[in-house]
Amino acid sequence: MNRRGTSLAGRVAIVTGAGQGVGEGIARRLAEHGATVIVAARRAETGEPVAASIRGDGGSATCVETDVTKGESIAACVTHTVAEFGRLDIVVHNAFTGAIPHRLENAVLDKHWKGMSLTAGWASLQCAREAHLHLAASSRRPRGEGGGRYVLITSPSGVEGSANIPLYSPAKAAQRAIAKSLAREWGPDGITVNCIAPVAASPSLITAFDRNPALQQAIEARTPLGRVGDITDDIGSVALFLAGDDSSYVTGQTIVCDGGSFLGL
Amino acid sequence: MTSIVVGEGRLAEALRARVTAEMPARVIVPPLVIEPMRVVDLTDDDIDRMWEQPMRTLISELQRAHGDGCRRIVVVVPTIGQSGGAEYAAVSATAEAARVLVKSAARQWGEVDVTVNAVAVAPEVFGIDTAITGPISIAPRALAGEVDPSDTISFLCSAAAGHVTGQTIVCDGGLWM
């Protein structure tokens, strides 16, 4: 751990969907910089190995089974975190499920919309509702010792729409609007709220590449930096910036972290 | 004759009286639930009313418009989706989701020559209180006078707009840019 740069020593962070992919990368990067990380995963089978691996690397992490499709589960995670560690400074809501390719005209709401709506729209608001009190308390600490941060993981598709998964885009667009609204609402409390729109080598994308190597070539070809992002070094580092003191005057923004593929903001 | 405008409230009524279309068209005013509320006060029932149900209605209306053979589809939203607004997090989420759903629909339905666009109007048009949201723009509105979006919507429902799709035309007198 002992990495140079931003220190999150003493801070406590919840990362939802941290049992794999982008959430795991973010959890690892925050822990590397001193944060105590709650690996909020739907299943302990995925979350506990990540937490154990972070601990094995010298970091502080614990897995709390959290189903973000249920408001009471989110509330329980926050309550557990504060009871166990005495504070909550950072929430990164990354968990997401339900992205199934479909035609819009044939979409069945309970099949093609519900999961994405629950994990993006509902959970983004519910995480905010449950965490606000503690994030505000963090922002009342002296600079360098705290600072409430709420980070939502959205997608470039939440800006430009999607021809493959049309209902994915509005679910992700909602998160940008929530970030802007909460940036206004929570600014007086000193809490910053921002989004990251990543393209990264998550397990689902790697699986897609294995099935269709041409997809990887196509993505790399359209990406100025010529590669797909790394979950820790590329995405986790942006999350670290938004979680730490260096971003204390940045709020309501979306950082697109996709190697320059999307330039439409 | 059935109106091409779907939706309730004063905005929908005004558009029903003024919007014209040269071809099969549908103008959708989503049923946004306009109630200022801090996020810490949102109950799950509030989220359902302000986010889930309006989105489900909008998706269904878009599907209905496609099924009815409409060649031009326009969704009217408030600019609060783009700007955000204090105490309107759920409403702004729904507005922005609606605006971006338009882009997805445009991408899929372009292959059958259907255009789908959004017209964004000032938040007050939907009854949103900008004394609560915070300023929509750092600059004052560029144009004075009453803003009527019906001509812009009529244009998007015309043959002349056949290569305009997936776009948002902000029709608020030059406030949000």
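Quick one: which of A:7-18, B:114-125, B:157-168 comes out on top by average Cβ neighbours within 10 Å, and what's the full order, highest first?
The most tightly packed comes first, giving A:7-18, B:114-125, B:157-168.
Rounded to whole Hz and in sequence order, give me ³J(HN,Hα) for region B:153-159 from the Karplus expression 6.51 cos²θ - 1.76 cosθ + 1.60, θ = phi - 60°, writing x for Gly and Pro.
5, 4, 4, 5, 9, 9, 5
Residues of B:7-14, mean number of Cβ from any other protein chain within 10 Å of their own Cβ, rounded to a whole number?
Counting other chains' Cβ atoms within 10 Å and averaging over B:7-14 gives 0.
Per residue of B:35-42, how many C-beta atoms from partner chains lie within 10 Å of its own C-beta, taken as a mean?
Whole-number average of other-chain Cβ neighbours for B:35-42 is 4.
How much of the accessible area of region B:45-165, probe 1.4 Å, is carbon plus sulfur, in whole percent?
Percent of accessible area from carbon and sulfur atoms in region B:45-165: 52.
Given a 1.4 Å probe, show me the residues in region A:77-109 buried by at least 50 Å² of accessible surface when comparing the whole protein assembly to the chain alone.
Buried-area filter returns A:R103, A:L104, A:E105, A:L109.
With runs of 4+ DSSP H residues as the only contributors, calculate the mean residue ellipticity of chain B at 222 nm using -39,500 (n - 2.57) per run, divided by the residue total and rounded to the nearest 500.
Value at 222 nm, helices only, nearest 500: -10500 deg cm²/dmol.
Sorting B:W176, B:W51 by accessible area (1.4 Å probe), largest first, what list results?
The ordering from most to least exposed comes out as B:W176, B:W51.
Per residue, how big is the convex hull around the C-alpha atoms of the protein assembly as shown? Give it to me in cubic angstrom, could you?
Each residue corresponds to 141 Å³ of Cα convex hull volume.
Is it possible to state the helix-based mean residue ellipticity at 222 nm for chain A, with each DSSP H run of 4+ residues giving -39500 (n - 2.57), the sum divided by total residues, to the nearest 500 deg cm²/dmol? What is it?
-12500 deg cm²/dmol
Over the Cα atoms of chain A, what is the Rg over Rh ratio if Rh follows Kirkwood?
Rounded to two decimals, Rg over Rh is 0.95.
Rounded to the nearest 10 Å², what accessible area does A:H134 show when all protein chains are kept and the probe is 1.4 Å?
Approximately 50 Å² of A:H134 is accessible to the 1.4 Å probe.
For the pairing of chain A with chain B, what total accessible surface becomes buried, with a 1.4 angstrom probe, in square angstrom to the nearest 100?
Separately minus together, A and B give about 3400 Å² buried.
From other protein chains only, count the Cβ atoms within 10 Å of every residue's Cβ in B:79-89, then give the mean.
6
Quick one: which residues, 5 or more positions from B:V170 or on another chain, have an amide H under 5 Å from its amide H? H modelled 1.01 Å from N in the peptide plane, none for Pro or chain starts.
HN-HN under 5 Å from B:V170: B:A120.
Excluding B:V75 itself, calculate the net charge of residues whose Cβ lies under 14 Å from the Cβ of B:V75, where each Lys or Arg counts +1 and each Asp or Glu counts -1.
Residues close to B:V75 contribute a combined charge of +3.
Limiting things to C-alpha atoms, what are the Rg and the maximum Cα-Cα separation (Dmax) for chain B, in angstroms?
Answer for chain B, Rg first and Dmax second: 15.7, 47 Å.
Relative to the first principal axis of the alpha-carbon coordinates of chain B, what is the inclination of helix B:53-67, with its axis defined by its Cα atoms, in degrees from 0 to 90 and to the nearest 10?
The helix B:53-67 is inclined about 10 degrees to chain B.
With helices defined as uninterrupted DSSP H runs, which ones in chain A have an alpha carbon span along their own long axis of at least 15 Å and mean Kyte-Doolittle hydropathy of at least 0.0?
TM-like helix candidates: A:71-85, A:123-139.
Measure out, as a whole number of angstrom, how far apart the alpha-carbon centroids of region A:90-168 and region A:38-80 sit.
Taking the Cα centre of region A:38-80 as reference, the centre of region A:90-168 is 17 Å away.
Please list, ordered by chain and number, the residues whose modelled amide H lies under 5 Å from the amide H of A:L8; skip anything fewer than 5 residues away on the same chain.
A:G34, A:A35
Could you give the accessible area per residue of region B:1-113, probe 1.4 Å, as a whole number in Å²?
Averaged over the residues of region B:1-113, the accessible area is 37 Å².
How large is the charge dipole for chain B, taken about the Cα centre, if only the Cβ atoms of Lys, Arg (+1) and Asp, Glu (-1) carry charge, to the nearest 20 debye?
So the magnitude is around 580 debye.
The values are calculated or read from the model by the stated rules, or taken from the named source; none is laboratory data. From a predicted model like this one, the values you see are computed outputs, not experimental measurements. As a convention, Cβ positions derive from the backbone with ideal geometry for all residues, glycine included, and neighbour counts pool all protein chains shown. Calculation scope for accessible area: heavy atoms of the full protein, side chains included, ligands and nucleic acids excluded. Shrake-Rupley method; radii C 1.70, N 1.55, O 1.52, S 1.80 Å.
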